[in-house]
1. Please state which of the following conditions ARG315 fails to meet, knowing it meets all the rest: (1) surrounded by fewer than 19 Cβ atoms within 10 Å (Cβ to Cβ); (2) closer than 30 Å to ILE238 by Cβ; (3) not assigned by TED's automatic domain parsing to the domain that holds ALA229.
2. Take GLY133 and decide whether it is in contact (Cβ under 8 Å) with a residue 24 or more places away in the chain, exposed (fewer than 13 other Cβ atoms within 10 Å of the Cβ) and of a type outside the set (Phe, Trp, Tyr).
3. Checking ILE74 against (1) modelled with pLDDT under 85; (2) surrounded by fewer than 16 Cβ atoms within 10 Å (Cβ to Cβ); (3) more than 24 Å from the chain's Cα centre (by Cα), only one condition comes out false. Which one?
4. Restricting attention to segment 270-301, and to residues there that are β-branched (Val, Ile, Thr) and touching a residue at least 60 places away in the same chain (Cβ under 8 Å), which single residue is surrounded by the most Cβ atoms within 10 Å (Cβ to Cβ)?
5. What are the residues in segment 203-219 that are out of contact with any Gly (no Cβ under 7 Å at 6 or more places or on another chain) and modelled with pLDDT of 85 or more, if any?
6. Can you tell which of SER18, SER34, SER46 is within 25 Å of the chain's Cα centre (by Cα), within 29 Å of ARG249 (Cα to Cα) and among the hydroxyl-bearing types (Ser, Thr, Tyr)?
7. Among the strands (runs of 3 or more DSSP E) lying completely within segment 82-183, list those that include at least 1 residues that are modelled with pLDDT of 95 or more and either of a type in the set (Lys, Arg) or under 15 Å from the mean Cα position of the chain (by Cα) (or both).
8. For segment 254-269, which residues satisfy the criterion of being surrounded by fewer than 16 Cβ atoms within 10 Å (Cβ to Cβ) and at pLDDT 90 or above?
Amino acid sequence: MRKEILSKVKRVVIKIGSRVLTGDTDGIDGDFLSCLARDVAECRKSGREVVIVSSGAVAAGVKQLKLAERPRTIPQKQAAAAVGQTRLMQCYEEAFKKRGLGVAQILLTRDDLSNRQRFLNARSALDTLLAYGVVPIINENDTVVVEEIKFGDNDNLSALVTNLAEANLLIIMTDIEGFYDSDPRVNPDAALVPLVKTVTREIERAAGGSGSTVGTGGMATKLAAAKKASQYGVPTIIINGRKPDTLGRALDGEQVGTFFLPAKDSLNRRKHWIAYTLRPKGTITVDEGAVQVLRRQGKSLLPSGISCVGGDFERGSCVRVCGPDGVEFARGIADYSAQEIGKILGCRSCEIEAMLGYRYGDEIIHRDNLVML
């Protein structure tokens, strides 16, 4: 099954964590990058395109600035990233040039992907770079990022880039063999899980926190990334990036690491963008009848089913949709502002114009802009 799925892969996103990139050194591991460049060159020869999501800018900056430990404040991290990003790209360029490959730097924030036009512009840039045979190296723009526009970690970013790049496979390189049923650093009897059909709550609970002093993610963030990619219809493989030839073996379909199957009922590109890239600006709470209609019949959300609205959002904002219990079960783009919804909630669609003096449509959230979570 694994070989059959991978035989159809034409575009791969490879996420490389800080621990994999630095190894036991206090800076970028040149030997690792040489091996990576070789593997990427082999991918290109076999007709596969590669996009890399790379951590390591802050880690490289720590060495360049001769800091005793990883920065703790945002300004310190931004300074380290600014210094380290140039060093990081220099290392990539040197290693890949030896294999006849060019590289390009792309720095993103959540705002770049939340705006649909900028999202599509970034996709066009990626497509053009790949058509020229250039390997895009993507990282979060740590130098300018603040909490409101952070992706959170590069595992999350890699899942969003999988959608952005319209990739067929996500590979996450870490410093352990894959996903275990418990933390192998704590439990010597932890067993590697070779195949995950669905990321369940039990599987999520088995994931621990970050095991690295140079990275920000842990297995929990990698599972979340695999889950997001799965919803886009893309499989994920978590492998030990520090082991030579593991990437090539994984792409050949060998039983290495942990393989996450894509969801049978995947989201289209736009709905994946709504569900995972946009940041909700408010909450719409609906009654039980509306919950059932939205879940079972795939209808649009009408004002008659809304019981209350929270937040101060404008028309066109992404909002959470919650049931009477307060649990979010859907997410979508609102056709009316929070203030407008507050005036028309509970009423029939035919009454909207009489109550507001105008109407954009019958729906508060059209079904094409509504995603069940």
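The values are calculated or read from the model by the stated rules, or taken from the named source; none is laboratory data. Since we're looking at a predicted model, the values are computed, not measured. Neighbour counts run over all protein chains shown; Cβ positions are idealised from the backbone, glycine included.
1. The failed condition is (2).
2. On the way: in contact (Cβ under 8 Å) with a residue 24 or more places away in the chain: yes; exposed (fewer than 13 other Cβ atoms within 10 Å of the Cβ): yes; of a type outside the set (Phe, Trp, Tyr): yes.
Judged against the criteria, GLY133 is a match.
3. ILE74 satisfies every listed condition except (3).
4. First pass over segment 270-301, keeping only residues β-branched (Val, Ile, Thr): 274, 277, 283-286, 291, 293.
Pick out the ones that are also touching a residue at least 60 places away in the same chain (Cβ under 8 Å) and you get 274, 277, 284.
Numbers: ILE274: 21, THR277: 22, ILE284: 29.
Filtering segment 270-301 for residues that are β-branched (Val, Ile, Thr) and touching a residue at least 60 places away in the same chain (Cβ under 8 Å), the one surrounded by the most Cβ atoms within 10 Å (Cβ to Cβ) comes out as ILE284.
5. Within segment 203-219, just ILE203 meets the criteria.
6. On the way: SER34 fails: within 25 Å of the chain's Cα centre (by Cα); SER46 fails: within 25 Å of the chain's Cα centre (by Cα).
Going through SER18, SER34, SER46 in turn, just one is within 25 Å of the chain's Cα centre (by Cα), within 29 Å of ARG249 (Cα to Cα) and among the hydroxyl-bearing types (Ser, Thr, Tyr): SER18.
7. Values: elements: 102-108, 134-140, 169-174.
Filter on segment 82-183 gives 134-140, 169-174.
8. So in segment 254-269, the residues surrounded by fewer than 16 Cβ atoms within 10 Å (Cβ to Cβ) come out as 254-255, 264-266, 268-269.
Residues satisfying the conditions are GLU254, GLN255.
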